[in-house]
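To start, the structure itself, in structure tokens.
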Amino acid sequence: MRRWSRSAVVVTAMVATGALLASCGAGGEREEAPAEGSTVGITEDTVTIGGHFPLTGVAAAGYSEIPTGHKAYYDYVNANGGVHGRNIEFVVRDDAYNPTNTSQVTNELVLDDEIFAMVSGLGTPTHGAVVDFLNDEKVPDLFVSSGSLQWGDKPKERPFTFGWQPDYEIEGKILGDYVKKNMPDAKVGLFLQDDDFGRDAEKGVRRFLDDQIVDVQRYTSGNTDVAPQIAALQASGADLVLGFTTPSYTALSQLVALRLRYQPKWFYSNVGSDPALVGSLLAQFSEGAVKGGAQLLDGVMTTEYIPGTDAPEDPWMRLWQKVWDAHGDGEELTNYRVYGMSQAYTFVQALQAAGPNPTREGIVEAVERAGGDFEGPALAPFRFSSDSHMGVSGMQLVELKGGVGEELTPVLVSDIGDAPIDEDDSAASDSPPENGIPDQETVE
Amino acid sequence: MQQLFTTLLTGLTLGMVYAAFALALVLIWRATRIVNFAQAPMAMLTTYVALVLIEAGYSYWLGFAAALLSGLVLGALVERFVIRYVDPRSEINPVILTLGLFIVLHALAALVFGARYRSFPAPFGLRGFQVGDTTIALTGFGIFTILSVLAVVVLLVLLFRYTDVGLKMRASAFNQEVARLLGVRVGRMLTLGWALAAVVGSLSGLLIAGGGLVHPSFMDGVVVYGFVAAVLGGLDSPVGAVAGGLILGLSLSLVSGYVGSQLVSLAALAILMAVLLVRPGGLFARVRERRV
């Protein structure tokens, strides 16, 4: 017995030493070629990327259409020769807007599908569950579909993650500034989603409107009874309600306001104000009171940062329509698909900038160095640099009329914190290239 | 004052929906001694049946009737072809089975009807009534909700207390073997119990959907609160289910309006624990009396 255990010790020691040597060897190899970087997901003729989206469940309304926009644009690019000769393959996985599922499907994407980069993973709570994993694994985590600050305000801690859309704080700031200047007597009520979305926005709004706010109400996503919250806003006497809500809750709050005959001026964040989607949710109620769904949103203020379906003559919209007609799934072109195609456009720019031999590290560096100058559909430039991974820097306020946004302000740009708010329409005049595919130079 | 009034009225309407759902759970419990967690997706499916008909241009009431009828059929089918084959002596097996059904029906609905939100019309106005300058947060549909749930309770009490069928159903739930010896066709009674419960469940689905948004998991919140309401009332008593539903609806509405909506589900748990600590059998339980 003792003899056996002695030999066991020897064997164990040998195995351990071997393993140690092997791991030293592995480490040595990695150190020898640091400049090469990781090329997982890249082959001679393909680049495989992935994303997590809610294709089912509470958040699927609208959001499930975003990946279809991505796919249509990648198909269009692939049909025109791809990027540096490679076709883009986009793997979409359903997380049902549940962070537990997001962790699981991200594991599958990174470890099984071996994606080169995560592109446009959707949702604050969902993506928040995987952002550290992606950075630990050094997987580029590009253009998250959420306006939370955490994707871009600390690039040192999360070097591989980049935002895309304007963050909720600058939306709050730009809105707060407008209300302060144009509606100084308004009694402001806030109707917020009880997570980063509402908190970041509130931070921005309070910079300007702290003394005008009479009440703040928060709803928990998943609890569809918002009557007590709207009743409290009504009781507080608020005559301007700023809603930072998802589309379903925009519709729900409008329904409850109808029931309570509460008629303040409404603002909804661009996240939850899509007139087509909210209108379609409300359209059914025509038997009671609402005539056309979209008309119920007449007079509602919101923000815009990319051209949408309400401006079919915009050159970008004509491009998206062309792409969608050729590569879409036959359904109607919606603002969510436009959003997806706009993101896909930015990814193609990033991949071009990373050059003919892209690596995971290389594409991150390319976006940091060239991303601030990417010309695209967004009305304001990106803030990408080595100090900031925040996305689009501005937007304009509009008022909805018959489902179309009418300008209230020019394009206003800002940044988080106490950065000033300035007019800047330099990016608004970007027009798409002839062939609809960006021509971004390789970052040397 | 207006806010309190609004919050209470909202709670009242919501409580009635919970009550309707709790009634369905109580019915199945009385008929078969099973807690049916699949009640929520069954009601969701039948609500979609109504929605499909209404969207095809038929009247609201035709959709309403079709949903109740399909509830009746679905309940009977589930009992006859699924639940019947589980060993009734085990308490946990049927419960696990209903949870399994929950998931299957969910996925089925997402496949057939799609997972997106759709709005569901209401047969009456959605604006609150106006008395002088004050708006009463009660819509025509809210009143319809309250009245229809009260009607269902009365009908159920009549059924169980004053009819032969009701007595047979209770007998076969209480002791199948003895009931069979006395000439009750137990199998039929069980099927009937499930069918009736599914009708009541369908009603609660239609009531909560009316003037709101429908998607495959729209009943999931209701199954939790409806279950709590049923347990509050003692799981055995229709009147208790309604009382439980009202208590829950009103208090959750108050919590949501005055404390914070993030505490709603926690409050439901607190109420449940408090009631069970004081009266373990539920507020309207008669178990103790029987033992004496």
Inset, instruction - Return the total of residues in the range B:25-41 being surrounded by fewer than 23 Cβ atoms within 10 Å (Cβ to Cβ), not hydrophobic (A, V, I, L, M, F, W, C) and not in a helix (DSSP H, G or I). - result: 1
Legend entry - Qualifying residues in the range A:401-413 (those that are touching a residue at least 60 places away in the same chain (Cβ under 8 Å) and surrounded by fewer than 24 Cβ atoms within 10 Å (Cβ to Cβ)) - the one farthest from A:I170 (Cα to Cα): A:G402
Inset, instruction - Could you tell me which of the residues B:G201, B:G193 is farther than 24 Å from B:L266 by Cβ, more than 14 Å from chain A (Cβ to nearest Cβ), buried (at least 23 other Cβ atoms within 10 Å of the Cβ) and under 11 Å from the mean Cα position of the chain (by Cα)? - result: B:G201
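Considering only the range B:269-284, I want to know if a residue exists there that is within 12 Å of chain A (Cβ to nearest Cβ), touching a residue at least 12 places away in the same chain (Cβ under 8 Å) and not β-branched (V, I, T).
no
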Legend entry - the range A:407-422, residues that are closer than 22 Å to A:G163 by Cα and among the charged types (D, E, K, R): A:D415, A:D418, A:D422
Legend entry - Unique residue being modelled with pLDDT of 95 or more, of a type outside the set (D, E) and surrounded by 24 or more Cβ atoms within 10 Å (Cβ to Cβ) when the list is A:V91, A:V119: A:V119
Inset, instruction - Go through the range A:319-334 and give me each residue that's over 21 Å from A:S280 (Cα atoms) and exposed (fewer than 14 other Cβ atoms within 10 Å of the Cβ). - result: A:K322, A:D325, A:A326
Inset, instruction - Can you give me the number of residues within the range A:201-216 that are out of contact with any Gly (no Cβ under 7 Å at 6 or more places or on another chain) and surrounded by 24 or more Cβ atoms within 10 Å (Cβ to Cβ)? - result: 0
Inset, instruction - Determine which member of the set B:G57, B:G75 is over 21 Å from the mean Cα position of the chain (by Cα) and of a type outside the set (D, E). - result: B:G57
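Of everything in the range A:252-273, what is over 16 Å from A:L190 (Cα atoms) and either more than 11 Å from every other protein chain (Cβ to nearest Cβ) or part of a helix (DSSP H, G or I) (or both)? Give them in sequence order.
A:L255, A:L258, A:R259, A:L260 - these are the residues of the range A:252-273 that are over 16 Å from A:L190 (Cα atoms) and either more than 11 Å from every other protein chain (Cβ to nearest Cβ) or part of a helix (DSSP H, G or I) (or both).
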Inset, instruction - Would you mind stating whether A:L111 is surrounded by fewer than 24 Cβ atoms within 10 Å (Cβ to Cβ), part of a helix (DSSP H, G or I) and hydrophobic (A, V, I, L, M, F, W, C)? - result: yes
Legend entry - Tally of residues being of a type in the set (V, I, T) and closer than 16 Å to B:W29 by Cα across the range B:166-180: 0
Legend entry - Given (1) assigned to a loop (DSSP other than H, G, I, E, B); (2) within 21 Å of the chain's Cα centre (by Cα), index of the condition A:K71 fails: (1)
Legend entry - Members of the range B:121-135 that are over 17 Å from B:T7 (Cα atoms) and in contact (Cβ under 8 Å) with a residue 40 or more places away in the chain: B:P121, B:A122, B:P123
Inset, instruction - Determine, yes or no, whether B:V199 is touching a residue at least 40 places away in the same chain (Cβ under 8 Å) and in a helix (DSSP H, G or I). - result: yes
Legend entry - Single condition B:L138 does not satisfy, out of (1) in a helix (DSSP H, G or I); (2) touching a residue at least 24 places away in the same chain (Cβ under 8 Å): (1)
Inset, instruction - Taking A:S280 as meeting all but one of (1) crowded, with 23+ Cβ neighbours inside 10 Å; (2) within 11 Å of another protein chain (Cβ to nearest Cβ); (3) free of Cβ contacts under 8 Å to residues at least 40 places away in the same chain; (4) not acidic (D, E), write down the number of the exception. - result: (1)
Inset, instruction - Pairs only if they're at least six apart or on different chains, beta carbon under 7 angstrom, first in the range A:415-441 and assigned to a loop (DSSP other than H, G, I, E, B), second modelled with pLDDT under 85; list them, first residue then second. - result: none
Legend entry - Residue pairs meeting the criteria (Cβ under 6 Å; at least 6 apart or on separate chains; first touching a residue at least 12 places away in the same chain (Cβ under 8 Å), in the range B:30-59; second part of a loop (DSSP other than H, G, I, E, B) and surrounded by 24 or more Cβ atoms within 10 Å (Cβ to Cβ)): B:A40/B:M219; B:A43/B:M219; B:M44/B:M219
Inset, instruction - Scan the range A:278-299 for residues that are closer than 20 Å to A:E399 by Cα, assigned to a loop (DSSP other than H, G, I, E, B), at pLDDT below 75 and not hydrophobic (A, V, I, L, M, F, W, C) and report the count. - result: 3
Legend entry - B:L235 being over 21 Å from B:L74 (Cβ atoms) and of a type outside the set (D, E, K, R): yes
Inset, instruction - Could you please find all residues in the range B:251-267 being among the aliphatic types (A, V, I, L, M) and facing another protein chain (nearest Cβ under 7 Å)? - result: B:V264
Inset, instruction - Check whether at least one residue in the range B:283-290 is part of a helix (DSSP H, G or I) and out of contact with any Gly (no Cβ under 9 Å at 6 or more places or on another chain), and report yes or no. - result: yes
Inset, instruction - Go through (1) out of contact with any strand residue (DSSP E or B) (no Cβ under 7 Å at 6 or more places or on another chain); (2) in contact (Cβ under 8 Å) with a residue 60 or more places away in the chain and name the single condition B:R185 misses. - result: (2)
Inset, instruction - Examine the range A:301-322 for a residue that is aliphatic (A, V, I, L, M) and more than 25 Å from A:N78 (Cβ to Cβ), and state whether such a residue exists. - result: yes
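The values are calculated or read from the model by the stated rules, or taken from the named source; none is laboratory data. Just so it is clear, the structure is predicted and the values come from calculations on it, not from any experiment. Using ideal geometry, Cβ is built from the backbone for each residue, glycine included, and neighbour counts are taken over all protein chains shown.
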